[in-house]
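The values are calculated or read from the model by the stated rules, or taken from the named source; none is laboratory data. All values derive from a computational prediction rather than experimental measurement. Note that we place each Cβ from the backbone using ideal geometry, even for glycine, and neighbour counts take in every protein chain shown.
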Amino acid sequence: MSESVIWKYPLLRQEVNDCSAPLSARPLAFQFQRGVPTVWMVVNPREPTMPLQFHMVATGELFDPDGMQYVGTAQEDRGYVWHLWMKR
């Protein structure tokens with residue numbers, strides 16, 4: 001039987017964020033929590049971890065989405081709109 005839990009991953013305000021997560025981690029939401037860009041993921045905490053990269057892209061910014069999975073879009077209080085992509 002698989003066990004799942006939701007973990008949050010606070011991100012830095014930079015283009016690329018490196019982290020690790022359990023193998024079957026699945027993103028649920030991307031939002032700003034108290035001004036911090038944050039992604040929530042469903043994970044099985046018993047699985048081994050693997051490296052992940054999150055790419056934050058501002059509206060109008062050029063980027064290469066090849067090999068990346070779209071996670072979500074979030075708006076900051078200051079009016080900026082960010083789009084989050086994940087690369088395994």
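Here are some notes:
- Candidates are the residues of segment 42-88 that are surrounded by 12 or more Cβ atoms within 10 Å (Cβ to Cβ) and among the charged types (D, E, K, R); the one that is farthest from the chain's Cα centre (by Cα) is Glu47.
- Contact map, segment 34-46: residues that are closer than 14 Å to Glu3 by Cβ paired with residues that are at pLDDT 95 or above and buried (at least 17 other Cβ atoms within 10 Å of the Cβ), Cβ distance under 8 Å, separation 6+ or inter-chain. Pairs shown: Val42/Ala25; Val43/Ala21; Val43/Pro22; Val43/Ala25; Asn44/Pro22; Pro45/Pro22; Arg46/Pro22.
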